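The values are calculated or read from the model by the stated rules, or taken from the named source; none is laboratory data. Because the structure is predicted, anything quoted here is derived from the model rather than measured. Every residue, glycine among them, receives a Cβ derived from its backbone with ideal geometry; neighbour counts consider all protein chains shown.
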Amino acid sequence: MVGVVSSHDWLHFAGHAKQDLADPTKSVFFLHDGPLTLEEIVRHPFPCASFAFLSGCQTAGGDTRPAEEAAHLAAGMMFVGYGSVIATMWSLPIDVRLLVDKVYAHLFEGQQPDSTRAAHALHHAVQCLRQQSAPFRSWVPFIHMGR
């Protein structure tokens, strides 16, 4: 599975993930054909990596111990080359489609999709949801890391 992912510059993960606090390298994305650990991800080159949207629970959760606080799936994606990552600090509500739709609408404005606008796209999406009085939990878990 890593080979398929590594050949694309954009990645969107929508599924289940789990942070392993005892060993962050064992943090995992749960895929249809089995688990994909952070340990396995960092072993492979990602020459095309640009943008990753990790819409799964705990993809940027980290740990309370200072030495481990930045060891999570989102940081692993940055380590392998993704310069811009949107991820989540904790478990997600059931429906995050509104936020995701707004982020991608912003990224796809104009002629070509532009991942360098990811931070602004997330900010814009959050502002829109807040103006619509969307539930706090529908937007608060999301963070942007990188450029």
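Which residue is surrounded by the fewest Cβ atoms within 10 Å (Cβ to Cβ), if the candidates are limited to region 97-147 and must be basic (Lys, Arg) and outside any loop (DSSP other than H, G, I, E, B)?
Arg97
Can you pull out every residue in region 15-34 that is of a type outside the set (D, E, K, R), surrounded by 15 or more Cβ atoms within 10 Å (Cβ to Cβ) and either in contact with a Cys (Cβ under 9 Å, 6 or more places away or on another chain) or not in a loop (DSSP other than H, G, I, E, B) (or both)?
Those that are of a type outside the set (D, E, K, R), surrounded by 15 or more Cβ atoms within 10 Å (Cβ to Cβ) and either in contact with a Cys (Cβ under 9 Å, 6 or more places away or on another chain) or not in a loop (DSSP other than H, G, I, E, B) (or both): His16, Ala17, Gln19, Pro24, Val28, Phe29.
Take the residues in region 60-96 that are modelled with pLDDT of 80 or more and part of a loop (DSSP other than H, G, I, E, B), then tell me which one is nearest to Thr37 (Cα to Cα).
Restricting to residues being modelled with pLDDT of 80 or more and part of a loop (DSSP other than H, G, I, E, B), the top hit is His72.
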